[in-house]
1. Within the range 100-123, is even one residue among the polar types (S, T, N, Q), surrounded by 17 or more Cβ atoms within 10 Å (Cβ to Cβ) and at pLDDT below 90?
2. Return yes when Glu297 is in contact (Cβ under 8 Å) with a residue 40 or more places away in the chain and either part of a helix (DSSP H, G or I) or more than 27 Å from Ser322 (Cβ to Cβ) (or both) and no when it is not.
3. What residue, among those in the range 39-62 that are more than 11 Å from Ala106 (Cβ to Cβ) and part of a helix (DSSP H, G or I), is modelled with the lowest pLDDT?
4. Is it the case, given these coordinates, that Ser264 is in a helix (DSSP H, G or I) and out of contact with any helix residue (DSSP H, G or I) (no Cβ under 7 Å at 6 or more places or on another chain)?
5. On the basis of being surrounded by 15 or more Cβ atoms within 10 Å (Cβ to Cβ), modelled with pLDDT of 95 or more, over 25 Å from Ser111 (Cα atoms) and not polar (S, T, N, Q), does Arg149 make the cut?
6. Anything in the range 63-83 that is within 20 Å of Ile30 (Cβ to Cβ), at pLDDT 80 or above and surrounded by fewer than 19 Cβ atoms within 10 Å (Cβ to Cβ)? List them, or say none.
7. Could you please let me know if Glu289 is of a type in the set (Asp, Glu) and at pLDDT below 90?
Amino acid sequence: MEEDEYPYPYPWNQHFFDNKNINIPNAQLIQVLEALKQASQNIQTNPDSPSIKPLFQLHTILSTDSNLSQHLNKLKTVIDSLHNSKPTLRSFLTRPLSTHSISKLASSIQSELQSWIDRETIQTLSNTLSNNYNHQHEFISLLTRFTHRVSQGFNRELQQLVLKFKLFSSLESILFDAKCSHLVREHAGFAIAALIRFNKDVFVGEVLMSPTVQALVSMASVGSIEVLCSLIRSIRSPIVDEIESNGEIPNIIVLLTSKDVKLSVLAMECVLEIGYFGRKEAVEGMLKEGVVEKLVELQRLEVSELKKEEEQEKCVNGGKMSPFGNCVAKFAVQLEVGEGLRQREKRAFKAEILVRVREACVSDAESATIVAEVLWGTSP
């Protein structure tokens, strides 16, 4: 098959390999490596794939003592042997074994290419973080790529690269920098949250010892509160303790009444997470700031909106209840099934929630409905 018949577009020109040159901009090199990784993946399912051709071209520019070069050399040997063998009974019987060897080698090549991509991505990201990035779009693209890679699961070599380039501290510096745009800071936050999920034992200490929580809450954006919710789910009670001790609970509760509905919904999610993982002091702090009263108000507005939508036959979106439905009961359930409170504390808080509901409701009907939901419970 000719090069122009190759089913995946080349991200390099036709002389790229002929010139034996890989001294190209990192962004283009990463694009090339991604295409080659896809080629190695194709070979695993189809040993006769034309994707083999660019991999053999890559072989011509690599150092012969590299693992990748050795794998490519073995792959070329097996494929040449397979294609040059005469059609005999022996070749027919040994073909499945050769095919398996090709697939296994292609898998090893894919792994080596991913390691190469990781090195280039992290080094480029580290350099960009250190040298005051000039192109926001490209920088966000790098952060997104890194976040996606880290989210794929733990990898020891990848972790060593992150530690070597002190990437976590650099990401925090961006998050804490009020001069940066919210969009950039949010993406730095997403990368931090991904690293916590990647290996909580290694990175969680840096979050708890730094003003990460304050930075996220002060931004008060959809992205920053989404990151905060992710951190609470990953770190659990320790970060809720930080939120409470740093006096950030009032600032989170205020967001419940934001004019931005998405932000209000995420603030509610944050409140529910704090309710599940929070200890007595955190829950008391939320009740003191009127969380029940604000949830009652949100639920009341929700009912009003649903009535309007029913008239327009739009009361249900995809068969799911809208975001603030039963939100008071959801909060009560989170406290009841959560892991931060003792049983007697749960009973006391449930009783207080019922009192606050009755005081906040504007009619007996509304009070009876919400009280019944709290008493009978609902799925959080």
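1. Yes, the conditions are met somewhere in the range 100-123.
2. Values: in contact (Cβ under 8 Å) with a residue 40 or more places away in the chain: yes; either part of a helix (DSSP H, G or I) or more than 27 Å from Ser322 (Cβ to Cβ) (or both): yes.
When the stated conditions are applied, Glu297 passes them.
3. Here is the first cut: in the range 39-62, the ones more than 11 Å from Ala106 (Cβ to Cβ) are 48, 50, 53-54, 56-62.
So of that shortlist, the ones also part of a helix (DSSP H, G or I) come out as 53-54, 56-59.
On the way: Lys53: 85, Pro54: 86, Phe56: 84, Gln57: 83, Leu58: 85, His59: 78.
Taking the candidates together, the pick is His59.
4. Numbers: in a helix (DSSP H, G or I): yes; out of contact with any helix residue (DSSP H, G or I) (no Cβ under 7 Å at 6 or more places or on another chain): no.
Spelling it out, it is not the case that Ser264 is in a helix (DSSP H, G or I) and out of contact with any helix residue (DSSP H, G or I) (no Cβ under 7 Å at 6 or more places or on another chain).
5. Working: surrounded by 15 or more Cβ atoms within 10 Å (Cβ to Cβ): yes; modelled with pLDDT of 95 or more: yes; over 25 Å from Ser111 (Cα atoms): no; not polar (S, T, N, Q): yes.
No, not satisfied.
6. Selection gives Ser66, Asn67, Ser69.
7. Details: of a type in the set (Asp, Glu): yes; at pLDDT below 90: no.
Here the answer is no, as Glu289 does not meet what is asked.
The rows are residues; the columns are (1) in contact with a Phe, Trp or Tyr (Cβ under 7 Å, 6 or more places away or on another chain); (2) buried (at least 20 other Cβ atoms within 10 Å of the Cβ); (3) assigned to a helix (DSSP H, G or I); (4) touching a residue at least 24 places away in the same chain (Cβ under 8 Å).
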{"position": "Ala191", "(1), (2), (3), (4)": "yes, yes, yes, yes"}
{"position": "Asp201", "(1), (2), (3), (4)": "no, no, yes, no"}
{"position": "Gln214", "(1), (2), (3), (4)": "no, no, yes, yes"}
{"position": "Arg233", "(1), (2), (3), (4)": "no, no, yes, yes"}
{"position": "Pro238", "(1), (2), (3), (4)": "no, no, yes, yes"}
{"position": "Asn251", "(1), (2), (3), (4)": "no, no, yes, yes"}
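The values are calculated or read from the model by the stated rules, or taken from the named source; none is laboratory data. The shown structure was predicted, so the numbers you read here are calculated from the model rather than taken from an experiment. Counting neighbours? That spans all protein chains shown, and the Cβs are built from the backbone with ideal geometry, glycine included.
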